[in-house]
Amino acid sequence: MRRLTRPRLLILLAVLLSLGIGALFMHAIWTMRQDQWNFATRTNINLAQTLAQAIHHTLDSFDQSLQGVVSGLEDAQVMALAPPLAERALFDRSLAMSDIEGVLVLNLDGKVLMASGPRKPAPGTSVALEALGLLRAGQASALHVGTPMHSPFSGMYVLPLSRPYNGSNGNLAGVVVGFIRLQHFNDLFASSQLGSHSGINLFLLNGTVVVRFPYNDQDTGKSLAGTENMRRLQSATQGSFSNRAVLDGVLRTYAFHHVAHYPLVINVAQSIDEVLADWRRSAMWLGFFALVLMAACIGLAVLSARELERRQAMSAQLQQTQHDLQTILDNLPSLVSYWDTDLHNRFANRATELWFGITPEQLRGMPASTLLGPDGYAKVQPYLERALQGETQTFERCITDAQGQQRHTYITYTPDIEQGTVRGLLVQSIDISERKRMEDELFEEKERIRLTLKSIGDAVLCTNAEGKITYLNPVAARMTGWSKEAAIGQDIDQVVPLYLNNGLLLQPSPLHQALESGLSCGPTRGIVLQGTQGQRYDVEESANPIIDRHGQRTGAVMVLHDMTETLAMSARMARLAQYDALTDLPNRLLLQDRASHALAQARRDGRLLAVIYLDLDGFKQVNDCMGHEAGDQLLVEFAQRLKATVRESDTVCRQGGDEFVLLLPGLDDVAHLDRLAHKILSTCDAPFLLGGGCAGKGGCIGVSGGVALFPQHGHTFELLARHADEAMYAAKRAGRGRFYLYHGEGLPPSVITPRAA
């Protein structure tokens, strides 16, 4: 109970002491403010009085000079002098002061009669003067201080002072007016240093601004009549007060003094911020120190009051922390222990029971050599020595635990270094047996995949998520021309340039499409791979993204199946289906297709179309005498000669055996057949070189032909072919070596007489 009461009492006393300190400092600060304010007020009052006396002296001196001019004007002897002498007598050297703009003698109409100064206006010049209006209104006075105006001499702002004078008849004749530059007052005020937003003002008692220093002449002539500040200036001959300025709104303290009997008041206006600037800086520091002292008192009391409670709390917290730390370490899936520099154990978690069959209490103080045994200690001794020199050590080691099971462990020796000295070692041993087993299985699986990819006949390439090559199998290396080492890290489009059959580059790459969309692309045929050595492969490509277990695309796989041989075989099969294997001439299937197109064209154009059946005379004798190979050579050579005799638009077809069919579309007249018959018959004039022999000498090889025309002899190819065949057999029966033209059903065909082209 006493422990709870004393801290509270101590805190209460500290609060009371702090409040006392704060009160003392506040009193001192307030006293300093009053002293600062009173000092500034007295200083400004004295300054206003001094400036008022200086202005009074200046105006008195100038007024005496004006009175001298008036006396001269009213003296008949002076006025009887010649004008130059009269001006010299009137304007003596007392009017040559540096801040006197000049003196004018004006009549009642404001005309200049005489003037002093180097830049005096010409006689007769009119000057608007406030004093003249007052004289004419019957409000004459001995001396009149006018409103600031622009000088008739230089145009600068001046303060006019005037006195009336009488003429020789004793009546009022005009005024003598002198001008004091306002710069004279600015120069007078410039010796005072009042700070920022502060200044000195000279007013007429009617509220008109004469000079505001240091604000130049921008406010000269303005009227403050009726304002609160002006009423205070008019209410007494001297004094001080604080208020906000009318012209600029700044809060200032004012000290004022009237200029003797003149209608002027001098006003020293100092910014309150400037007056209290030094006091505020001092007050800020004193307040800061007061707050520091007060906070220190309360803080020390609080610290003292809480010290006992904190010690008890720290003791309980330390016990709880030790318990929590022990609980955490005992439940870690690893063996954690601490050893001093002599390699004696100082701490270990409960894992020692499972690994070594002893409790942490039994292990504490035990040397490492005793725990590990001679052989085990010898294996880890080099790591221990380097760790005691300050180097962290990590290594793997197989041990047999207390249950006789093999454990593959990952061991870390971390030096406990303080100020450059090793104080002990923190040892952590992690059982990685399961991880090693999975690594072995993963390696075996990877090896199986590698061998599989190496063995398959397709090109396989793998990339990362940016499309950079990470793997290619030997088939891919062979087809692309890139080695595995050179290709790794290159973009897939650089290593595997894919083109369409028309030669255009395939854009975008299928693998990049798979990476962007996350969807499989292909398989797609009709793609060409260009290797670095100029090799060309027709391939079937497919690309698939690699998705990890989090659904993220980590890469892609492209598979290229070489279709070159397959497509070539397909092309050969397609050609064999339409061309004769021996002569490479179109077969009957292709002939029928072309005939249907030619007949349709002939019907549209109204032109002739001819079908010619040919039979090679003497072929059987060559076949029987020289063998089948010679017969085949004869057919091939005859086919070549036959193709050379017809047009590009004509079709030469081998019907079978030694029979050939010609399809001649777009004929203009029958005369073309005479010339063609001559060419075909001439193809057998030259002998045929067949292997080791020669055939065709002496006319033993010849040709017979039959012709049918569209539309005369039929409107279908089958009908035209039958009629041409009938005409050919008629030619053979008639003696061979000739062409017959079909004439109609039951009519004998006629002989086509060959004519040279």
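The values are calculated or read from the model by the stated rules, or taken from the named source; none is laboratory data. Quantities reported herein were computed from a predicted structural model and do not represent experimental measurements. Here the Cβ positions follow ideal geometry from the backbone for every residue, glycine too, while neighbour counts run over all protein chains shown.
I need the full set of residues from segment 539-568 which are charged (D, E, K, R) and within 14 Å of Arg478 (Cα to Cα), in order please.
Asp562 - this is the single residue of segment 539-568 that is charged (D, E, K, R) and within 14 Å of Arg478 (Cα to Cα).
When restricted to residues that are within 27 Å of Asp63 (Cα to Cα) and surrounded by 14 or more Cβ atoms within 10 Å (Cβ to Cβ), segment 256-273 contains 12. Under 21 Å from Arg478 (Cβ atoms), surrounded by fewer than 16 Cβ atoms within 10 Å (Cβ to Cβ), in contact (Cβ under 8 Å) with a residue 40 or more places away in the chain and among the polar types (S, T, N, Q) - does that describe any residue in segment 491-499? Looking through segment 491-499, none of the residues is under 21 Å from Arg478 (Cβ atoms), surrounded by fewer than 16 Cβ atoms within 10 Å (Cβ to Cβ), in contact (Cβ under 8 Å) with a residue 40 or more places away in the chain and among the polar types (S, T, N, Q). Determine whether segment 719-741 contains at least one residue that is hydroxyl-bearing (Ser, Thr, Tyr), more than 22 Å from Leu585 (Cα to Cα), part of a loop (DSSP other than H, G, I, E, B) and at pLDDT 90 or above. No: segment 719-741 contains no residue that is hydroxyl-bearing (Ser, Thr, Tyr), more than 22 Å from Leu585 (Cα to Cα), part of a loop (DSSP other than H, G, I, E, B) and at pLDDT 90 or above. For the residues Glu447, Glu439, the requirement of being farther than 30 Å from Pro382 by Cβ, among the acidic types (Asp, Glu), modelled with pLDDT under 80 and not in a strand (DSSP E or B) singles out Glu447. Only one of the numbered conditions (1) of a type in the set (Val, Ile, Thr); (2) without any contact (Cβ under 8 Å) to a residue 60 or more places away in the chain; (3) closer than 29 Å to Ala76 by Cα is not met by Val158, and that is (3).
Here Leu19, Leu47 are screened, and the one residue that is of a type outside the set (Phe, Trp, Tyr) and buried (at least 18 other Cβ atoms within 10 Å of the Cβ) is Leu47. Taken over segment 251-283, the criterion of being assigned to a loop (DSSP other than H, G, I, E, B) and without any contact (Cβ under 8 Å) to a residue 12 or more places away in the chain is satisfied by His261 alone. Screening Tyr383 on (1) buried (at least 17 other Cβ atoms within 10 Å of the Cβ); (2) among the aromatic types (Phe, Trp, Tyr); (3) touching a helix residue (DSSP H, G or I) at 6+ places or on another chain (Cβ under 9 Å) shows it passes everything except condition (3). No other residue among Val246, Val292 is in a loop (DSSP other than H, G, I, E, B), at pLDDT below 85 and within 60 Å of the chain's Cα centre (by Cα) apart from Val246. If only residues of segment 505-515 that are over 18 Å from Gly531 (Cβ atoms) and surrounded by fewer than 14 Cβ atoms within 10 Å (Cβ to Cβ) are counted, the one that is modelled with the highest pLDDT is Pro508. Of all residues in segment 193-235, those satisfying the criterion of being in a loop (DSSP other than H, G, I, E, B), buried (at least 18 other Cβ atoms within 10 Å of the Cβ) and among the polar types (S, T, N, Q) are Ser198, Thr220. Scanning segment 334-356 for residues that are over 17 Å from Gly376 (Cβ atoms), surrounded by fewer than 19 Cβ atoms within 10 Å (Cβ to Cβ) and not hydrophobic (A, V, I, L, M, F, W, C) yields Ser334, Tyr338, Asp340, Thr341, Asp342, Arg346, Arg350, Glu353. When segment 634-666 is limited to residues that are assigned to a loop (DSSP other than H, G, I, E, B) and surrounded by 18 or more Cβ atoms within 10 Å (Cβ to Cβ), the one that is farthest from the chain's Cα centre (by Cα) turns out to be Asp658. Counted as qualifying within segment 517-633 are the helices (runs of 4 or more DSSP H) with 1 or more residues that are loosely packed, with under 11 Cβ neighbours inside 10 Å and not assigned by TED's automatic domain parsing to the domain that holds Asp725, namely 564-576. Set side by side, the residues Arg231, Arg280 differ, and just one is under 60 Å from the mean Cα position of the chain (by Cα) and of a type in the set (Lys, Arg), which is Arg280. The set of residues from segment 386-398 being assigned to a loop (DSSP other than H, G, I, E, B) and surrounded by 11 or more Cβ atoms within 10 Å (Cβ to Cβ) comprises Gly390, Glu391, Thr392. Checking each residue in segment 516-541 for being in contact with a Lys or Arg (Cβ under 6 Å, 6 or more places away or on another chain) and in contact (Cβ under 8 Å) with a residue 60 or more places away in the chain picks out no residue at all. Looking across segment 54-78 at every residue that is modelled with pLDDT of 80 or more and of a type in the set (A, V, I, L, M), the one that is surrounded by the fewest Cβ atoms within 10 Å (Cβ to Cβ) is identified as Ala54. Within segment 161-202, being of a type in the set (Val, Ile, Thr) and under 30 Å from Gln77 (Cα atoms) holds for Val175, Val176, Val177, Ile180. Across segment 181-192, the number of residues qualifying as surrounded by 15 or more Cβ atoms within 10 Å (Cβ to Cβ) and in contact with a Pro (Cβ under 8 Å, 6 or more places away or on another chain) comes to 3.
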